[in-house]
Amino acid sequence: METLTFYGIRELIPGPRWRQLFDATWTGYRTWYLSEGESRRPSVELARRMLNRHMPELTDTWERLVELTAGDEMAARMLTLYDPPRFLPGCSQMALTGDTPMLIRNYDYRPDLCERVVFSSAFTGRRVIGSSDCLWGLLDGMNETGLVISLAFGGRRGAAPGFGIPLIIRYVLEVADTVADAVAVLARVPVNMAYNLTILDRAGDAVSVFVAPGAEPEVFTQCAATNHRGTIPEDPDHAQRFRSVERQQALFALLARHPDPDTAISAFLRPPLYNTAYAEGFGTMYTAAYRPEEGIVDFIWPGSRWRRGFDTPDATHVAIYGSDSEPTAV
């Protein structure tokens, strides 16, 4: 049985807590950012210009983050997340749209590359909570208007100049209120790789959206996604290796049964949705269940559950891996 500690941070404007996160993770992020050579990464001037052009509402926060790093130029470049190295998480995700709207997702990745931070903020004046990545991006999250979004790799090979998806997730939650708003944002912000995004709002509207470099977002009414576009993989070898079709079919079958929230969550804690190939970057780090009507998110592991809200104070939670027990309902 293995354990990992997750950290809950509530800091409305980046300050001492964010600086602690930077100090704890910057060596690893710098290594990742330069993994293909410094010449492959954009200059700080280009990165700043792209951020100002496509996500101007985030510029003030980015400048504050750079100040907190004491003006580190490499950190400034990386924090724009413009044209970063590749990022290919596994993941399964779906939205329930019944009486209790909920977005549920499994984040599948390598433990040593998972930030393990749930950050509650108000960087632009709007409350946002979610799973932190790349120091201020998000893997999944929710804003105070009830918009929820999560990401999964989309299964299409290749990359192009554009923004890393964690910062795009952050941006959507900072400026959008509804599913329609979110799709409009995705249509105008360039992304560097292909991803599936599952989006839910407080009204119960939900879609999955496939985004890729140089392409218009494709909106699918099936509110479930794994690691391929639509229902037919463009890269069959990748899909087979990560059982992408099998997991998507399991999600479709689950949705067809119109499950209650706890039944749906339990399914995410069992194969084929729950995965344990951690050394291969395909182990379930957490299950997240976002409830937009209540403004809360439950992070769940076999054996434990951790609830966070916009105003929940700083805390830690020890996640247990390898237990056969399931958490009790809440």
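Would you confirm whether or not region 101-110 contains a residue that is touching a Ser or Thr at 6+ places or on another chain (Cβ under 8 Å) and over 30 Å from Phe252 (Cβ atoms)?
Start the filter on region 101-110 by keeping residues that are touching a Ser or Thr at 6+ places or on another chain (Cβ under 8 Å), which leaves 103-108.
Next, from what is left, pick out any that are over 30 Å from Phe252 (Cβ atoms): none.
Within region 101-110, not a single residue is touching a Ser or Thr at 6+ places or on another chain (Cβ under 8 Å) and over 30 Å from Phe252 (Cβ atoms).
To keep it simple, each residue is scored yes or no on (1) surrounded by fewer than 20 Cβ atoms within 10 Å (Cβ to Cβ); (2) touching a Phe, Trp or Tyr at 6+ places or on another chain (Cβ under 9 Å); (3) at pLDDT 95 or above.
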| site | (1), (2), (3) |
| --- | --- |
| Pro259 | yes, no, yes |
| Ile265 | no, no, yes |
| Gly295 | yes, yes, yes |
| Arg305 | yes, yes, yes |
| Phe310 | yes, no, yes |
| Pro313 | yes, no, yes |
| Thr316 | yes, yes, yes |
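Residues to consider are Ser132, Ser92, Ser120; find the one that is out of contact with any helix residue (DSSP H, G or I) (no Cβ under 8 Å at 6 or more places or on another chain), in contact (Cβ under 8 Å) with a residue 24 or more places away in the chain and open to solvent by less than 10 Å² (accessible area, probe 1.4 Å). Walk me through how you get there before you give the answer.
Details: Ser132 fails: out of contact with any helix residue (DSSP H, G or I) (no Cβ under 8 Å at 6 or more places or on another chain); Ser92 fails: out of contact with any helix residue (DSSP H, G or I) (no Cβ under 8 Å at 6 or more places or on another chain).
Going through Ser132, Ser92, Ser120 in turn, the sole match is Ser120.
Of the residues Ala203, Ala194, which single one is surrounded by fewer than 22 Cβ atoms within 10 Å (Cβ to Cβ), out of contact with any helix residue (DSSP H, G or I) (no Cβ under 7 Å at 6 or more places or on another chain) and among the hydrophobic types (A, V, I, L, M, F, W, C)?
Numbers: Ala194 fails: surrounded by fewer than 22 Cβ atoms within 10 Å (Cβ to Cβ).
Residue meeting the stated conditions: Ala203.
Residues of region 41-59 being touching a residue at least 12 places away in the same chain (Cβ under 8 Å) and open to solvent by 30 Å² or more (accessible area, probe 1.4 Å), which ones?
Matches in region 41-59: Ser43, Leu46, Arg48, His54, Glu57.
Let's see how each residue does on (1) in contact (Cβ under 8 Å) with a residue 60 or more places away in the chain; (2) under 23 Å from Arg86 (Cβ atoms):
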{"site": "Leu139", "(1), (2)": "no, yes"}
{"site": "Phe153", "(1), (2)": "yes, yes"}
{"site": "Ala159", "(1), (2)": "yes, yes"}
{"site": "Gly162", "(1), (2)": "yes, yes"}
{"site": "Pro166", "(1), (2)": "yes, yes"}
{"site": "Asp177", "(1), (2)": "no, no"}
{"site": "Val211", "(1), (2)": "no, yes"}
{"site": "Thr221", "(1), (2)": "no, no"}
{"site": "Gly230", "(1), (2)": "no, yes"}
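Which residues, taken from region 230-242, are in contact with a Phe, Trp or Tyr (Cβ under 9 Å, 6 or more places away or on another chain) and either over 13 Å from Arg156 (Cβ atoms) or open to solvent by 70 Å² or more (accessible area, probe 1.4 Å) (or both)?
Thr231, Arg241, Phe242
If a residue has to be of a type in the set (A, V, I, L, M) and in contact (Cβ under 8 Å) with a residue 12 or more places away in the chain to count, how many in region 24-40 make the cut? Talk me through it step by step, then tell me what you get.
Kept after step one, since they are of a type in the set (A, V, I, L, M), are these residues of region 24-40: 24, 34.
Then keep just the ones that are in contact (Cβ under 8 Å) with a residue 12 or more places away in the chain; that gives 34.
Counting residues in region 24-40 that are of a type in the set (A, V, I, L, M) and in contact (Cβ under 8 Å) with a residue 12 or more places away in the chain gives 1.
The values are calculated or read from the model by the stated rules, or taken from the named source; none is laboratory data. Computed from a predicted structure; not experimentally measured. FYI the Cβ positions are ideal-geometry reconstructions off the backbone, even for glycines, and counts take in every protein chain you see. Note: areas computed on protein heavy atoms with side chains; ligands, DNA, RNA excluded. Shrake-Rupley method; radii C 1.70, N 1.55, O 1.52, S 1.80 Å.
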